[in-house]
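The values are calculated or read from the model by the stated rules, or taken from the named source; none is laboratory data. Just so it is clear, the structure is predicted and the values come from calculations on it, not from any experiment. Positions of Cβ are generated from backbone atoms using ideal geometry, with glycine treated the same way; all protein chains shown enter the neighbour counts.
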Amino acid sequence: MGSRGLKYIVVLGDGMADHPVRKLGGKTPLEVAHKPNMDSIAREGRMGVLKTVPNGMPPGSDVANLSILGYKPECCYTGRGPLEAADMGIKLGAKDVAFRCNLITEREGRMHDYSAGHITTEEARELIKELGRRFRIGEFYPGITYRHIFVLRNCNPEIQTDPPHEIPGEPISEHMIRPRMNEVAKKLNKLMLDSRKVLSSHIVNLVREKQGKNPANMIWLWSHGKRPKLESFKKKYGLRAAMISAVPLIRGIGVYTKMSIINVPGATGYFDTNYEGKAVYALKALEDHDFVYLHVEAPDEAGHEGDLEMKIKTIEDLDRRLIGHLLDGLPENSRIAVLPDHPTPIEVKTHVAEPVPFAVYGPGLKGDGLSFTEKNGRRGSVGFLVGDQFMRFLFQKVKTPA
Ligand SMILES: [Zn+2]
C-alpha cells in the first residue's frame, strides 16, 4: 500500500481532544489555542473523525495508537506489560508473561500514591535490584522512575489486575489480583504483600521518609500479557517506518511492528519535552524512511492534571515549536496528518473512548477549508472512519486524470 514515492508523517498529540470547558465559555482547548499550523493542515487538507477505541476495550493510549496504525486491538492487544518490556529490550518467549510493576506508596492499607512520589530512577533501581535478590519467583527488570517490569516465564495466568492510578485512596485489599483462589494470583498477591517488608526497611526509603517524600514501600503488578502477535509495518504496508516517542508503551508498539525507534535528546514525554528536536529528527528520519509516527505526550499529561492553561500551552507548543518546523522542512511529495489518540478532557482528567478529529494534508487531498477542532472533524469531507480505515485513507493513491 502507499502511493509510489510519497512520504508520510503522522503527528499524534496524545489526549489533545477535549469536551467543551465551562471556563472557556463552552469552547475546547483546541478551539481557543493559537495553532496556525494545525489549522493550515486542516484548511488545505481534509478532515474527518476516527474511532480509535473498539467497543468494550479500555481507552488506553496503547489500544488507541494500535488502532490508528491499522492494527486491530481486539486481536493483538494483550496488555501494557509486554509492550513496555519490548521497549526495555526484554525478550519474551511465547509462554512468558510480562507485568507492569509499579513502585507505589501504601499507607494504612490504602493506595496512597501510584508513583511513589515519582521516585527517581536511581533510587528505584536499588529497590528493584533488592527485590530481585530477595524473591525467587519471576524476574524483576528496573525501568524508569516508578515504572518497572516483572516477568513470569512459562505460565498462563487467567487473572485480572487493577491499574494503581485508577484506585487512589482505596483499600488495597479490595484490589488484589483476582480470582483470589487462582494459584498464580495467590503467589503474586503474596509477593506484592511481602514486598512491603523488604522495601519499607530499605535505606533508600528510610532516606525518602526523612526528606518528607513518599516511600516506595510496595510493588503493584498489573496489565500483564504475552508477547503480542503484530505484523511488521513494512510487511503490512510496504513502507519503511520510524517511530518517535518518549513513552515506553508507544515505543513498544514500534518495536513489535519493527519500526526504527528514533531517540531524540531531551524528549521527556512531559511539558518540557524537546519539541524542536522532535521535528528535526522526524525530518531527518523521512530521508531514509517512508513513514514517520511522531508521538507527543504532553497534552495528555495536562489533561490528567486537569491543568487547562497547560493543556492550551502544550497544543500551542506542539503547533509552533514542532509542526511549524515540520511544514517548513517537509519534502514536497509528503502527506502530513495530525490527530489525537483519544480525548483526555480537562474536566474528566482521564481518557475517554470517544472518536477523535483528524486532518490530513498533501498531494491528492483537496482542502476542506476548516480549522482543526473537534466539531470541524465531524464537518470534514472524509466523514467517520473506524480503526484501520485511517491508514488506508492516508495511504490512498493520488488520482491522476486519465
Ligand atoms: Zn493517549
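Considering only helices (runs of 4 or more DSSP H) fully contained in the range 1-97, which possess at least 2 residues that are away from the ligand (no atom under 16 Å from the Cβ) and crowded, with 20+ Cβ neighbours inside 10 Å?
Qualifying helices (runs of 4 or more DSSP H): 36-44, 80-87.
When residues of the range 209-262 are filtered for being of a type in the set (S, T, N, Q) and under 25 Å from Pro340 (Cβ atoms), how many remain?
Result for the range 209-262: 4.
Determine which member of the set His304, His295, His289 is within 28 Å of Val352 (Cβ to Cβ), out of contact with any Ser or Thr (no Cβ under 6 Å at 6 or more places or on another chain), assigned by TED's automatic domain parsing to the domain that holds Arg22 and not aromatic (Phe, Trp, Tyr).
Result of the check over His304, His295, His289: His304.
Would you mind finding the one in Met259, Met310 that is away from the ligand (no atom under 15 Å from the Cβ) and either within 27 Å of Gly79 (Cβ to Cβ) or outside the structural domain of Ala359 (by TED's automatic domain parsing) (or both)?
On inspection, the qualifying residue turns out to be Met259.
How many residues does the range 270-307 contain that are within 16 Å of the ligand (Cβ to nearest atom), surrounded by 20 or more Cβ atoms within 10 Å (Cβ to Cβ) and not in a helix (DSSP H, G or I)?
Total satisfying the criteria: 6.
Give the residue that is nearest to the ligand (Cβ to nearest atom), with candidates limited to residues of the range 330-348 that are under 27 Å from Asp62 (Cα atoms) and surrounded by fewer than 18 Cβ atoms within 10 Å (Cβ to Cβ).
Val348
State whether the residues of the range 253-267 include one that is modelled with pLDDT of 95 or more and at positive phi.
Taking every residue of the range 253-267 in turn, at least one turns out to be modelled with pLDDT of 95 or more and at positive phi.
If you take the residues in the range 349-391 that are among the hydroxyl-bearing types (Ser, Thr, Tyr) and buried (at least 18 other Cβ atoms within 10 Å of the Cβ), which one is nearest to the ligand (Cβ to nearest atom)?
Of everything passing the filter in the range 349-391, Thr373 is nearest to the ligand (Cβ to nearest atom).
Which one is nearest to Leu6 (Cα to Cα) among residues in the range 349-399 that are assigned to a loop (DSSP other than H, G, I, E, B) and acidic (Asp, Glu)? Outline the logic, then answer.
Pass one, the range 349-399, residues assigned to a loop (DSSP other than H, G, I, E, B): 349-355, 362-373, 380-382, 387-388, 395-399.
The next check asks that each one be acidic (Asp, Glu); those that pass are 354, 368, 388.
On the way: Glu354: 31, Asp368: 21, Asp388: 19 Å.
The residue in question is Asp388.
Please give the number of the condition Val338 fails out of (1) within 26 Å of Asp388 (Cα to Cα); (2) part of a helix (DSSP H, G or I).
(2)
Name the single residue that is farthest from Glu130 (Cα to Cα) among those in the range 195-228 being in contact with a Phe, Trp or Tyr (Cβ under 9 Å, 6 or more places away or on another chain) and assigned to a helix (DSSP H, G or I).
Ser195
Any residue that is over 23 Å from Gly60 (Cα atoms) and hydroxyl-bearing (Ser, Thr, Tyr) - is there at least one of those in the range 75-96?
no
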